[in-house]
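The values are calculated or read from the model by the stated rules, or taken from the named source; none is laboratory data. Please read these numbers as outputs of a predicted model, since none were measured by experiment. A quick note on method: Cβ atoms are made from the backbone with ideal geometry, for glycine too, and the neighbour counts reach across all protein chains shown. Side chains are part of the model used for accessible areas, which takes the heavy atoms of the whole protein and leaves out ligands, DNA and RNA. Shrake-Rupley method; radii C 1.70, N 1.55, O 1.52, S 1.80 Å.
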Amino acid sequence: SYDQTMELLSGGCFDVVLTDLYLPMSRYHGALSVDVIEIGKTVPYGLLIALEAARRGTNVAIVTDANHHRDCFSAAFDAMREPYVVNGRKLLLVNYCGKDWAKALELLQK
């Protein structure tokens with residue numbers, strides 16, 4: 001979950017973080033009102049996780065298999081195939097190999 005991942009990032013040091021773009025909706029440490037939480041709905045928390053991981057000095061890849069004809073974030077990933085450098089670390093956006101985590105890791109380590 002988003003909350004668990006952010007907690008892990010705050011207390012640990014990682015060489016690589018791989019995250020899905022979409023994760024289940026979170027209460028975000030109690031900030032969201034209970035009436036707006038939609039169980040099962042996914043949101044693009046992967047973007048926030050990636051930024052936090054890079055800020056903490058970790059290479060990170062955001063992976064999605066969302067249909068780029070129906071999803072604005074996935075469509076935007078199409079034009080962003082080159083890695084970004086954030087805080088001296090690599091940030092990669094991956095939607096062109098599905099949810100192939102091994103391939104995402106390989107691309108990140110190039």
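Points worth noting:
- Summed over segment 66-110, the residues that are in contact with a strand residue (DSSP E or B) (Cβ under 9 Å, 6 or more places away or on another chain), of a type in the set (Asp, Glu) and surrounded by 14 or more Cβ atoms within 10 Å (Cβ to Cβ) give a count of 1.
- Note on segment 48-65: residues that are under 12 Å from Val94 (Cα atoms) and open to solvent by 80 Å² or more (accessible area, probe 1.4 Å) total 1.
- Checking each residue in segment 37-73 for being farther than 15 Å from Tyr84 by Cβ, among the acidic types (Asp, Glu) and touching a residue at least 12 places away in the same chain (Cβ under 8 Å) picks out Glu38, Asp65.
- Residues being touching a residue at least 40 places away in the same chain (Cβ under 8 Å) and open to solvent by 70 Å² or more (accessible area, probe 1.4 Å) - total across segment 11-36: 3
- Residue list for segment 26-55, filter: modelled with pLDDT of 85 or more and within 22 Å of Asn67 (Cα to Cα): Lys41, Thr42, Val43, Pro44, Tyr45, Gly46, Leu47, Leu48, Ile49, Ala50
- Residue match in segment 87-101 (condition: within 14 Å of the chain's Cα centre (by Cα), closer than 18 Å to Gln4 by Cβ and of a type in the set (Val, Ile, Thr)): no
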